Amino acid sequence: MKRKSTFVWVVCLSLVLSLGIYPGTSAKALGAYKTIDSITLQESPISMGEGWTLDTTFSSNAPYSMTQGKDKEYVAVGPYGTVMNSANGVNWAALSKFGNYHLTTIAWDGTKYVLFGNNTEYSMNLYSRPSEGFISSDGLTWKRIDFDPGETIYQMEWGESGFVAVGQKHIFFSKDGENWETSRALFNDYGADILQVVNGTYFISSRYDQPFVLVSKDGQNWSAKTYNASAVIQDMIWTGKQYLGVGNGIYTSADGVTWTKQAKSPSGAELKTIVYGHNKYIVTGASETTEGIDKNVAYTSKDGATWTKVDLSSLQVNIYTLYPVKSGFAGLGSNNMQGHADGTYSIYTVDGKSWSYRMIGTTLGGDFNAVATNGKRTVAVGLSGSVVYTDDGKTWRSSNPFSYRGKLGRAHLFDVVWGGNKFVAAGNGGIYYSADGSSWKQAKVPFRDQYGGLRNIMWTGKFYVASDQVYGVYTSKDGLTWKRVASVSDNWLTSMIHDGKRLIAAFRVHNFNGPGTTKIMQTTDGTNWKLLKTLDLDEAFLAWTGSGYVAMNQYNPSKVWVSKDGSNWSKKSTNLGESQNINFLTSVDGQFVAVHHGFQESGDEVTYTDQLLLSKDGVNWQATSIPEKHPGVNIFGTEMLEDGIKAHGKYIFVGTYGEIMYVDRLTSSK
């Protein structure tokens, strides 16, 4: 625990519309990023050098497109360099970043993958630059092709005649995925909803503004057909005798264009996917969409005519795609949380009756904020209910999903401890606890309103203390029932440590006329507190090594307060710079540990660096550069480590964008 303060589908794509400077990952300040001519992606875990390993399993964004390719492997691509793969369609892991490209579509023709992506800073602006195409025989090594479509390519499919791609204004065709030509213009300047190849026929349709359907047998010659506005077909399959389509019900068609609603078609739901496998049809949809989340429903059938309804309201994720896998059916989904995906989820059902889902990607907002261990299992918690755990420090699994609460989404979790034979996490909504790190329940915290939350938590062996800047300090003996400690809730408890005898905390005292101060206070029961010292620190991180204490301002670590007993404190100057801010402060193996995240600007290039800081006394610090996470490519934003712990014979660090890193030894360069 740290010491801290504070197949192609289109649905997902709609979410778009110092101690010195060391070499580090670079990113553009604005606009386009460096063009990639070729790139070789790496599968997780990735060796960074100097003993460091990067685990990218959960470091991805909700994908835009998926295909099944070489050796029946599944590959999905999405924004901010997201490439994910899966051997079985259920268990997914992200690869190293494809730069900052927003990868909109991918397809496989039996010998090669083809993908398109846009090289812009933000996914919402991907339409502002033309797409670039890439090919690969294995899904890892990619080469850019010589093709400029002049617009964004949103969708692509492969059929027996070749590849068909749909852009903003045009349809493009290629026999081999490398040499492309314009097939025809669309009827609008903003693309199409659906591109499918079914029964050897290419279908393109759009239901907005000027609805249309285009049909082709060869991908080059297209016939315009009348769009069925009452059916609003969103997905379809071929049964061997006829087409089955879903939209405003379940429909049949002889040609995939003219639709007749089934006599026993379900009603009252917008149906979005249909799939056949294991001698069964499954249709999924939503009876309503509230605050970004669908109220899901499914229908199953043996004959494609008589349907049985399955209530999926407990499946709190919007289903983007569903496909048959060896042992059942799998899918991918996410939720639209205030215009952004709240994570990526793998969906699974063996028979269409019983369903489950698990997080497989955190998105840009899925930071891992804290990590805790009981010696056998280690748990990391983060934003949007992102929780993962490991029993060996190498293989990580996601927990059962947290509940989605309307406008609030899934709970943001900021801190976690192991104590009282359970993991206890603090976050939006208060306290959550779990015996195994996988299944979580919410504890009772008496907040004054529904928006209450907690940021920090500490276990002493006898009681817990949790805190928040707004809602104050709370304590509990069992982690289940909490009470507010009014006597110390006027000030902000920013950090805590337990030294085996007492809990010592730093409280920020606000000063409206200048920098604040910090009260160092102690408690032996969580309820009764004693003032030890007032420090001239505006805000403090606390840490204890077993032989000494340190209080440090994360934004200016050049001055610290140190103590041998936690009661008597003295101010010291360190060898750290005033602007060498730290992300977190903790202690491991009798030494203080911190991480500094810095950057250097050169023109429109920004180079980010991470430094590991170690100290025996909290005053004299030694630093070493952590190797680059994404050498040779530009990535979006700043990836910062937020917490670290020693577990499973290694040192594990977690941070933003779902990143996990570990190293066998902590060393410093003097």
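What follows is calculated from the coordinates using simple rules that are stated; it is not laboratory data. For clarity, every value in this text was computed on a predicted model and none was experimentally measured. When we count neighbours, we look across all protein chains shown, and the Cβ atoms used for this are built from the backbone with ideal geometry, even at glycine.
Going from the alpha-carbon gyration tensor of the stretch 67-129, what semi-axes, largest first and in whole Å, does one get by taking the root of 5 times each eigenvalue?
23, 13, 8
Under 12 Å from the Cβ of K559, count the other residues' Cβ atoms, weight Lys and Arg +1, Asp and Glu -1, and hand me the total.
My count for the surroundings of K559 gives -1.
Mind checking Rg over Rh on the stretch 228-359, alpha carbons, Kirkwood formula for Rh?
Result: Rg/Rh = 0.96.
What is the sum of charges, Lys and Arg at +1 and Asp and Glu at -1, for the other residues whose Cβ falls under 10 Å from the Cβ of Q168?
Net of charged neighbours comes to -1.
How many percent of Cα pairs in the stretch 368-663 exceed 32 Å?
Looking at the stretch 368-663, the distances longer than 32 Å represent 25 percent of pairs.
Over the stretch 439-571, what number does the Rg to Rh ratio reach, with both radii from the alpha-carbon atoms and Rh per Kirkwood?
In the stretch 439-571, Rg relative to Rh is 0.97.
State whether the stretch 63-206 is rounded, prolate or oblate according to the following rule on the C-alpha gyration tensor (a ≥ b ≥ c being the square roots of its eigenvalues): a/c under 1.5 gives rounded; otherwise a/b larger than b/c gives prolate, and the remaining case gives oblate.
Oblate.
Report Rg/Rh for the stretch 556-607, rounded to two decimals, where Rg is the Cα radius of gyration and Rh the Kirkwood radius.
Computed over Cα atoms, the ratio is 1.12.
Non-local amide H neighbours of G437 (under 5 Å, H modeled in plane, Pro and chain starts lacking H): which ones?
Those lying under 5 Å, H to H, from G437 are F423.
Could you work out the local net charge near I145, counting Lys and Arg as +1, Asp and Glu as -1, over the other residues with Cβ closer than 15 Å to its Cβ?
With Lys, Arg at +1 and Asp, Glu at -1, the net is -4.
So what's the gap between the Cα centers of the stretch 125-164 and the stretch 465-496, to the nearest angstrom?
Comparing the Cα centres of the stretch 125-164 and the stretch 465-496, I get a distance of 53 Å.
May I ask you to list the trypsin sites (Lys or Arg not before Pro) in the stretch 438-469 that are in a DSSP loop and have at most 10 other Cβ atoms within 10 Å of their Cβ?
Of the trypsin sites (Lys or Arg not before Pro), the ones in loops of the stretch 438-469 whose Cβ has at most 10 other Cβ atoms within 10 Å are R448.
Report the chymotrypsin sites (Phe, Trp or Tyr not before Pro) located in the stretch 130-214 that are in a DSSP loop and have at most 16 other Cβ atoms inside 10 Å of their Cβ, or state none.
Passing both the DSSP loop test and the Cβ count: F187, Y190, Y208.
Using per-residue counts of other Cβ atoms within 10 Å, averaged over each peptide, order 487-498, 380-391 from highest down.
380-391, 487-498
Volume per residue, Å³, of the convex hull around the alpha-carbon atoms of the stretch 374-442?
So the per-residue Cα hull volume is 72 Å³.
How large is the direction-averaged shadow of the alpha-carbon convex hull of the chain, in nm²?
29.5 nm²
About the Cα centre of the stretch 368-663, what is the dipole size in debye to 20, counting +1 per Lys and Arg Cβ and -1 per Asp and Glu Cβ, all else neutral?
1300 debye
Could you go through the stretch 426-438 in sequence order and give the Karplus-derived ³J(HN,Hα) for each residue, using 6.51 cos²θ - 1.76 cosθ + 1.60 with θ = phi - 60°, rounded to whole Hz, and x for Gly and Pro?
10, x, 4, x, x, 10, 10, 9, 7, 6, 10, x, 10
Give me the dipole magnitude in Debye, nearest 20, for the stretch 188-265 about the Cα centre, with unit charges on the beta carbon: positive for Lys and Arg, negative for Asp and Glu.
Here the stretch 188-265 has a charge dipole of around 360 debye.
So if I place +1 on the C-beta of Lys and Arg and -1 on the C-beta of Asp and Glu, and nothing else carries charge, what would the dipole magnitude of the chain be about its Cα centre? I want it in debye, nearest 20.
Using only the charged Cβ atoms, the result is roughly 2360 debye.
Quick one, can you get me the convex hull of the C-alpha atoms of the stretch 536-670 expressed as volume per residue in Å³?
Considering the Cα atoms of the stretch 536-670, their hull volume per residue is 125 Å³.
Multiplying the sequence separation of K462 and D449 by 0.36 nm and subtracting their Cα-Cα distance, what value in nm do you get?
My answer for the length gained is 1.8 nm.
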